[in-house]
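No lab work stands behind these numbers, since they all come straight from the coordinates. None of the values given here were measured: they were computed from a predicted structure. Every residue, glycine among them, receives a Cβ derived from its backbone with ideal geometry; neighbour counts consider all protein chains shown.
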């Protein structure tokens, strides 16, 4: 069996097991198996994609049957990418070894173990994503703001550093005055384009201190009237009131 090694570190700071040490251990494994050593490939950079010089060179070579890495995540950081790659290798009649989890796809048992591990890893990713979404929904349903504070408000946590204030907003005096102007203009029949022109002509500056108001920004503020009135709706379409002061 013709064997090669693959080693990768994320940065050039050598904070992980060095490329040289990874390669040395992989060569030991090849020798133990009695395989024929062909060549070594290595990279410095992320394992989240396949745009790596060493990896591409390795996949471009045909003179090997199995590639050995010290850890599975040296090949791919993404479980989905690892699974797709394993299928690609199988189609090419090639195999791989990940020494850290004792996966050797040259055997049926090794391939089965790999599939179980990648499935569990993918499940963990999905569970984490689900919990994140549930956390966001829970915050929204309790009247907390998620994300960057909208125009007219600042983050209370950002101002105080108090963990209990995460998701709580406080009025930004200067911006809130502009929000009121926008709705005053809207209430007398002016559209977003006219209001944009009005703000620019009167020297009203954006959050970034620029005189380049965009019509889409004005449309967004007008569309969020209920937010500026302090109202929010839960996922059950029940109306609630934010705990902070409303601008309108």
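For a footprinting-style exposure proxy, rank 148, 27 by other Cβ within 10 Å, fewest first.
Numbers: 148 9, 27 15.
If I rank by nearby Cβ atoms, fewest first, I get 148, 27.
Using Cα centres only, tell me the gap between segment 210-248 and segment 101-116 in whole Å.
54
Mind checking the angle between helix 108-141 and the chain's longest principal axis? C-alpha axes, 0 to 90 degrees, to the nearest 10.
Approximately 10 degrees, to the nearest ten.
Measure nothing fancy, just the Cα-based angle from helix 173-187's long axis to the longest principal axis of the chain, in degrees from 0 to 90, nearest 10.
70
If each of residue 48 and residue 215 carries a label point 7 Å out from its Cα toward its Cβ, how far apart are those two points in nm?
3.6
Order these by the 10 Å Cβ neighbour count, fewest first: 166, 241. Present the calculation step by step, with values, prior to reporting the outcome.
Details: 166 14, 241 11.
Result, fewest neighbours first: 241, 166.
Determine the equivalent ellipsoid of the chain by diagonalising the alpha-carbon gyration tensor, then write out the semi-axes as square roots of 5 times the eigenvalues, largest first, rounded to whole Å.
Working: eigenvalues 660, 87, 55 Å².
Over the Cα atoms of the chain, the ellipsoid semi-axes are 57, 21, 17 Å.
Cα centroid distance between segment 22-54 and segment 156-204, in Å?
About 56 Å separates the Cα centre of segment 22-54 from the one of segment 156-204.
Based on the Kirkwood radius over alpha-carbon pairs, what is the Stokes-Einstein translational diffusion coefficient of segment 2-123 at 20 °C with 1.002 mPa s viscosity, in µm²/s? Each step should come with its number before you reach the end.
Numbers: Rh = 14.3 Å.
Stokes-Einstein gives a translational diffusion coefficient of 150 µm²/s.
Using the number of other C-beta atoms within 10 angstrom as an exposure proxy, rank 63, 53 with the fewest first.
Details: 63 8, 53 12.
By the 10 Å Cβ count, ascending, the order reads 63, 53.
Could you tell me how many cubic angstrom of Cα convex hull volume segment 123-243 has per residue? Before the final figure, lay out the partial values.
Working: hull volume 17.1 nm³, N = 121.
Convex hull volume per residue, Cα atoms: 141 Å³.
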